[in-house]
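Report on the following structure.
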Amino acid sequence: MVQFDRPEYFYVLAILLPMALLFAANHIWMRKKQREFGDLALVRRLAPDRSATKPILKLVLMLVAIGFLVTALANPKIGTKTETVKREGIDIVFAVDVSKSMLCEDVAPSRLEKAKQTVSQVVSELSGDRIGIIAYAAGAYPVLPITTDYAVSRMFLQSMNTDMVSSQGTSLGEAITLSETFFDKGSKTNKLLIMLSDGEDHESGAEDAANQAKKAGIKIITIGLGTAKGGPIPLRENGYVGQFKRDGNGQVVITRLNEENLRTIAKKTDGGYFYGGNSRQVGEYVKKALENIERTEFESQEFTDFNSQFQWFLGFALLLLFADLFLLERKTEWLRKLNLFNERDK
C-alpha cells in the first residue's frame, strides 16, 4: 500500500508539458533560422561537433529529475506491516444535575463544582472505556456524545453550569430516559449510567424510567451531593452573593440531600449508591464497581505502519541533475564511433 503525505505537490508536474513545448518551439525556431542563414548541410559543417540528440537527452533528464523531486516533496510512504488494534471497555454516561439547588454550598466549593470534580476524578481512573455527558434539571440536555476522547470530555465538563437548561426544577426520570439514546441498542457492550445529584426530584417517573433502563441493560450508579442539613441557594451577581433564593412566601429556600430517591433508582437496576462528599473516594468506589462489570470489545481497527520513501526519489533526482550538469551538447567521441545515434554523417 502506498500513500502520499502531500499529494498537492503533484500539481507542480503541470509545468513539465509547457517546458517540453517551449523546448520544441525553440528547436523549430532555431532550425528555421539556420535555413535562413544558409544551406542546412553547410551550416552543420560549421559546427561539426554539435550533437543534435544531446539537447533532447538533457531535456529528458531535466524533466525526469523534476518529476522525481516533486515525488520526493509529496513524500511517498509504503505500508510495511498491518496491525489490528482492539478496544475493550464499558459505555459510561455521566448525568450531572445542573438545577439551581446544585449551587448550594453545603459541600465545598458547591454541589455542582463537587460533581464536576467527581466526574473528572472518575474519568482519570478510566482506560479504554467510552464516555458521554448529560446535563439535566427539569429537562435533560446532551452535552457530549459517547467518545473515547477524555481530554474533550473534561473541556465540556468544565463549561457546565446552571444556565445550560432553561427549565428549572429537577427530573431524574428525564436524565435516565435521555441516557438510553446515548447507548447503541444493538451493541453487546455493557452500559453504565452514573448520576450525580442532590436527589431532589420535582417530577414523577424516575422509578419507571429506571425500570425501563434495566430492561435496556443499563446499570445505574447514583452519587449523592449535599448534606441532610442542607443550605440556602446563593444567587450571585458579578461573583458575589447578593441574596438567596426565596419561595413564593418570601422564605429562604433550604435544599437538602435526598438519599432515598438516589438509593431507590440505583436499586432498581442492581446498581449502587455512594455519597459524593469525597471525590477521591467516589473514584475508588466506581473503579471497584467497574472491575465487576465485564468489558467487551466495541471497536477493532487495522493500522498500517508506513515508512517514508522520499529519499530514493530525491537521490535519483540529484543523480539526474548531476548528469545533466556535466552532459555537454557536443558529440561524444566514443559514442560517435559506436554511431548509436546515427551521428557519424551529421
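Pick out, from the range 228-346, the helices (runs of 4 or more DSSP H) lying fully within it that include 2 or more residues that are surrounded by 14 or more Cβ atoms within 10 Å (Cβ to Cβ) and modelled with pLDDT under 90.
Working: elements: 259-268, 279-291, 310-326, 333-338.
Output list reads 279-291, 310-326, 333-338.
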Flagged in the range 206-229 as over 18 Å from V286 (Cβ atoms) and charged (D, E, K, R), in numbering order, are E207, D208, K214, K215, K229
If you go through S159, S179, the only one that is at pLDDT 85 or above, under 23 Å from L235 (Cα atoms) and of a type outside the set (A, V, I, L, M, F, W, C) is S159
Please work out if I218 is within 19 Å of E105 (Cα to Cα), modelled with pLDDT of 90 or more and aliphatic (A, V, I, L, M). no
Condition set crowded, with 22+ Cβ neighbours inside 10 Å and of a type in the set (A, V, I, L, M, F, W, C), scope the range 119-136, selection nearest to I223 (Cα to Cα): answer is V119
Within the range 6-30, the residues that are open to solvent by 70 Å² or more (accessible area, probe 1.4 Å) and either of a type in the set (V, I, T) or at pLDDT below 80 (or both) are I15, H27, I28
inquiry  = Among the residues that make up the range 186-196, is at least one of them open to solvent by less than 30 Å² (accessible area, probe 1.4 Å), among the β-branched types (V, I, T) and assigned to a helix (DSSP H, G or I)?
reply    = no
Pairing a residue in the range 55-72 that is part of a helix (DSSP H, G or I) with any residue that is among the hydroxyl-bearing types (S, T, Y), where Cβ atoms lie under 7 Å and the two sit 6 or more apart in sequence or on different chains, gives V70/Y9
Do the conditions hold for K219, that is, is it basic (K, R) and out of contact with any Ser or Thr (no Cβ under 6 Å at 6 or more places or on another chain)? no
Sole miss for G139 among (1) closer than 30 Å to Q243 by Cβ; (2) open to solvent by 60 Å² or more (accessible area, probe 1.4 Å) is condition (2)
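The values are calculated or read from the model by the stated rules, or taken from the named source; none is laboratory data. Here the structure is a predicted model, which means the values were calculated and not measured. Quick reminder, even Gly has a Cβ in these numbers, built from the backbone with ideal geometry, and neighbours come from all protein chains shown. The area values use the complete protein model at the heavy-atom level, side chains included, leaving out ligands, DNA and RNA. Shrake-Rupley method; radii C 1.70, N 1.55, O 1.52, S 1.80 Å.
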